[in-house]
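The values are calculated or read from the model by the stated rules, or taken from the named source; none is laboratory data. Quantities reported herein were computed from a predicted structural model and do not represent experimental measurements. Don't worry about glycine lacking a Cβ; one is built from the backbone with ideal geometry, like all the others, and counts go over all protein chains shown. Ligands, DNA and RNA are stripped out before the accessible areas are found, and what is left, the full protein with its side chains, is counted by its heavy atoms. Shrake-Rupley method; radii C 1.70, N 1.55, O 1.52, S 1.80 Å.
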Amino acid sequence: DRFERTEWSVVHTDPDGFHRFAAGSVRVFNAYFPLEGNLEAVVAQRIRACNVRQEHGFSAGRVLRRLSPTTDSAADLPHVLWQLDYPSLADRASDVQALEAVDPFRAVRETMRQLLRRFQRGAWQLD
């Protein structure tokens, strides 16, 4: 197995600031793997999702776009990440549950599904 350095560019961030919480908080990353030719549409749709989150009182998080590596060997790396920190896993669960009631967010999510070949989510506890 080979490790490649991955570099990212922040393409959108919460206008209210990117919130970082203390040790024990949770950082969530959503990883987006666009279908061929859909990279720009995925970036735009993720930014749209951030805007909808903010319009409905949720933190927007931030969107990152992969700068490198750009080689075929990077096919298993996502092209786009969304990142948000939560005080706890319970706060993350509450966020997800509350978003289910937001029709515009559900519509954005459904459109995103049509643009992707793969999606992954991970959560990390910050120490």
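All but one of (1) open to solvent by 80 Å² or more (accessible area, probe 1.4 Å); (2) over 17 Å from the mean Cα position of the chain (by Cα); (3) of a type outside the set (Val, Ile, Thr) hold for residue 126; which doesn't?
In the conditions (1) open to solvent by 80 Å² or more (accessible area, probe 1.4 Å); (2) over 17 Å from the mean Cα position of the chain (by Cα); (3) of a type outside the set (Val, Ile, Thr), residue 126 misses (1) alone.
Name the pairs: first residue in segment 29-47 and closer than 15 Å to residue 12 by Cβ and among the charged types (D, E, K, R), second residue modelled with pLDDT of 95 or more and not in a helix (DSSP H, G or I), Cβ to Cβ under 6 Å, at least 6 apart or on different chains?
46/63; 46/80; 46/82
Is it fair to say residue 62 is buried (at least 16 other Cβ atoms within 10 Å of the Cβ) and modelled with pLDDT of 95 or more? Break it down into steps so the answer makes sense when it comes.
Working: buried (at least 16 other Cβ atoms within 10 Å of the Cβ): yes; modelled with pLDDT of 95 or more: no.
No, not satisfied.
Does residue 23 fit the bill of being in contact (Cβ under 8 Å) with a residue 24 or more places away in the chain, assigned to a loop (DSSP other than H, G, I, E, B) and open to solvent by 60 Å² or more (accessible area, probe 1.4 Å)? Walk me through how you get there before you give the answer.
Values: in contact (Cβ under 8 Å) with a residue 24 or more places away in the chain: yes; assigned to a loop (DSSP other than H, G, I, E, B): yes; open to solvent by 60 Å² or more (accessible area, probe 1.4 Å): yes.
For residue 23, the condition - in contact (Cβ under 8 Å) with a residue 24 or more places away in the chain, assigned to a loop (DSSP other than H, G, I, E, B) and open to solvent by 60 Å² or more (accessible area, probe 1.4 Å) - is met.
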